[in-house]
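**Q** Quick one: structure below, then a few questions.
The values are calculated or read from the model by the stated rules, or taken from the named source; none is laboratory data. Nothing here was measured: the structure is a model prediction, and the numbers come from that model. Cβ placement follows ideal geometry from the backbone for every residue including glycine, while neighbour counts extend to all protein chains displayed.
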Amino acid sequence: MFASQFLSPAFQRVVAAALAVVRKSLMLAGLIFVLGVAGVFHDSGLPGGLQAMFPSGVEAKEPAPTDPALQDVALHADEALSPTLRRALGHVSRRYKVSQDALRPIFMTAQQSGRELGLDPLLIIAVIGVESGFNPFSQSVLGAQGLMQVMPRFHTDKLPEDAGELPFIDPVTNVQVGARILKESIARFGGLETGLQQFGGALNDPDRRYSTKVLAEKARLEQAVALARRA
C-alpha cells in the first residue's frame, strides 16, 4: 500500500498485469506437475490422494474426430485398402509431405481402377508421383491437368457420368480417367515400357527416360512396402 503511493496509476496497472501473468503461470506449472506425476504412476496405480483425483489414471490418447461419421469413414477407408497400399500410403505421405487423409481417396481409387483394368495399383501411384508429385491442381504448359496430367481436350469421353464442373482437377476423377488412358496405352503399344512412353508423350525417346523414371518410382514403392512389412 505504501509503495503504491509513489507509483503512477499506469505503472501500477503494468505491475498488476505482470503479477496476474505470474499467478497463471504458477497455476499452469502446478497442473502440469500433477498430471506428470499421475502419468508416472499410471502403470502401477496412483498412490494416496492422487487415486481419488485420477481414479483410472491419466493416459495420453490422440484426439478422436468429434463427428462419429467422419471417424467411421476414416476407419473403413483404412480397412478397405490392401495391406500393400496401406504400407505404401505411409511412405508416400512422408516422401511427398502430404496428409494421409488426403491421400486415402487417391489410393482407394488407384486400387479400384487397378482391379477393374488389370493394372498394378502401385504402377498408378508411381505415375502420379512422377507426373504431379500428388498435387491435384498441377497443370503443365501444354494444358495437362491433375494428378495424372490428363489432357482434357482428348479425354472427355472417358469421364464418368457424375463428373463435376472441373473433373480433371478432381483427384478421384483424374485417377479414374488417367488409369484408363494408361491401360489403353499399354494395350495399344504392346507392352508396359512402350505404353508408359506413350502415356508420357515420349514415344520417340530412344532412351525411354519416362518409363525408366516411372518404373524406378514403382520399385521404390515396392521396397518401402517390403521394409514396412518386415518392421
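**Q** Determine the pairs where a residue that is aliphatic (A, V, I, L, M), located within region 173-195, has a partner that is part of a loop (DSSP other than H, G, I, E, B) and at pLDDT 95 or above with Cβ atoms under 7 Å apart, the partner being 6 or more residues away or on another chain.
**A** Val175/Leu147; Val175/Met148; Ala179/Leu119; Leu182/Leu119
**Q** Of everything in region 202-224 that's free of Cβ contacts under 8 Å to residues at least 12 places away in the same chain and outside any helix (DSSP H, G or I), which residue is nearest to the chain's Cα centre (by Cα)?
**A** The qualifying residue nearest to the chain's Cα centre (by Cα) is Ala202.
**Q** Are there helices (runs of 4 or more DSSP H) fully within region 92-169 with at least 2 residues that are at pLDDT 95 or above? List them. Can you show your working first?
**A** Working: elements: 100-117, 121-132, 152-155.
So the answer is 100-117, 121-132.
**Q** Can you tell me which condition Ala231 does not meet? The list is (1) in contact (Cβ under 8 Å) with a residue 12 or more places away in the chain; (2) out of contact with any Lys or Arg (no Cβ under 6 Å at 6 or more places or on another chain); (3) small (Gly, Ala, Ser), and all the others hold.
**A** Result: Ala231 passes all but (1).
**Q** Picking from Ser132, Ser93, which residue would you name as being of a type in the set (Ser, Thr, Tyr), closer than 16 Å to Leu182 by Cα and surrounded by 14 or more Cβ atoms within 10 Å (Cβ to Cβ)? Walk me through how you get there before you give the answer.
**A** Numbers: Ser93 fails: closer than 16 Å to Leu182 by Cα.
Unique residue meeting the criteria: Ser132.
**Q** Checking the conditions here, which among Leu192, Leu203 is at pLDDT 95 or above and in contact with a Ser or Thr (Cβ under 8 Å, 6 or more places away or on another chain)? Write out each step before concluding.
**A** On the way: Leu203 fails: at pLDDT 95 or above.
The conditions single out Leu192.
**Q** Which residues, taken from region 184-197, are part of a helix (DSSP H, G or I) and surrounded by fewer than 20 Cβ atoms within 10 Å (Cβ to Cβ)? Reasoning before the result, please.
**A** Quick first cut of region 184-197, residues part of a helix (DSSP H, G or I) only: 184-189, 192-197.
Within region 184-197, Glu184, Ser185, Ala187, Arg188, Phe189, Leu192, Glu193, Thr194 meet the criteria.
**Q** Select, from Pro152, Pro121, the only residue that is over 29 Å from Val225 (Cβ atoms) and of a type outside the set (S, T, N, Q). Outline the logic, then answer.
**A** Details: Pro121 fails: over 29 Å from Val225 (Cβ atoms).
Being over 29 Å from Val225 (Cβ atoms) and of a type outside the set (S, T, N, Q) holds for just one of Pro152, Pro121, which is Pro152.
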